[in-house]
Amino acid sequence: MRLSRHLVIFAKTPKLGAVKTRLAADIGAVAATAFYRRTLADLMMRLGRDDRWRCWAAISPDTAAATGVHRQAFWPVGYDVIKQGSGDLGQRMGRVFRSLPPGPTVLIGADIPAIQAHHVKAAFRALGTHDAVFGPAGDGGYWLVGARRSPNVPDLFGGIPWSSDRTLADTLEKLAKAGLKPALLETLEDIDDGAAYRNWLTGVPSNEA
């Protein structure tokens, strides 16, 4: 029997002042929150229509997962809403990878406007022959991480420094030492500051600015 594919969108409830704080420092909290809300809604609707994977929303704060108002306002029908839980980013992502039902799992951030269904499809295809898959970001991190989770769930996140220009590089070194085989997708850009935001508005890729 073929195991289900799981697509997880890691998201914060898009409330004013609670999201994209670095971007907000450049363009203001209202504009930054509007960007996040729009990007999250577009992403969830675009990817949630695809029946090639089961969709999950891993959300923060945890209270939003149990509040009907939040479900109706932010999380579309067709998504299973789960809590991220406590801890740093790696601990929260690791918890999701360990807790979902069996099957290959791909996790993406909620603030990368360029993510399309073909990126997710490519990630799942890569997991057919690799233990893990990453979508590199220009800042040294990654916008997508996935794992085959068979025969076991690999430790992708323990001991990794977050928000570093070596986050992905350190993760790949860790996997190599563990004898695990990763795949890499194309590089996409997070919209984290005013310059990247203005490039996004005008349709100019960040690496061409």
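Every read-out reported here was derived from the displayed coordinates using simple, explicitly stated rules and does not represent laboratory data. Predicted, not measured: the structure shown is a model, and the values here were computed from it. Heads up, the Cβs are rebuilt from the backbone with ideal geometry, glycines too, and the neighbour counts pull from every protein chain shown.
Test each condition in (1) free of Cβ contacts under 8 Å to residues at least 12 places away in the same chain; (2) under 25 Å from Arg95 (Cβ atoms) for Leu43 and report the one that comes out false.
(1)
Taking the condition of being surrounded by fewer than 20 Cβ atoms within 10 Å (Cβ to Cβ) and assigned to a helix (DSSP H, G or I), how many residues in region 1-23 meet it?
2
Filter region 136-155 down to the residues that are more than 14 Å from the chain's Cα centre (by Cα) and in contact (Cβ under 8 Å) with a residue 40 or more places away in the chain, then identify the one that is surrounded by the most Cβ atoms within 10 Å (Cβ to Cβ).
Residue satisfying both the conditions and the ranking: Arg148.
For residues in region 165-190 being among the charged types (D, E, K, R) and in contact (Cβ under 8 Å) with a residue 40 or more places away in the chain, which is surrounded by the fewest Cβ atoms within 10 Å (Cβ to Cβ)?
Taking the candidates together, the pick is Glu186.
Does any residue of region 161-174 turn out to be within 19 Å of Val120 (Cα to Cα) and more than 16 Å from the chain's Cα centre (by Cα)?
No, region 161-174 has no match at all.
Taking region 139-166, which residues are β-branched (Val, Ile, Thr) and either in contact with a Ser or Thr (Cβ under 6 Å, 6 or more places away or on another chain) or in a loop (DSSP other than H, G, I, E, B) (or both)? Full working, then the answer.
To start, the set of residues in region 139-166 that are β-branched (Val, Ile, Thr) comprises 145, 153, 160.
Selection gives Val153, Ile160.
Could you check region 189-200 and list, in sequence order, the residues that are touching a Pro at 6+ places or on another chain (Cβ under 8 Å) and among the aliphatic types (A, V, I, L, M)?
If the condition is that a residue be touching a Pro at 6+ places or on another chain (Cβ under 8 Å) and among the aliphatic types (A, V, I, L, M), then Ile191 is the only one that fits.
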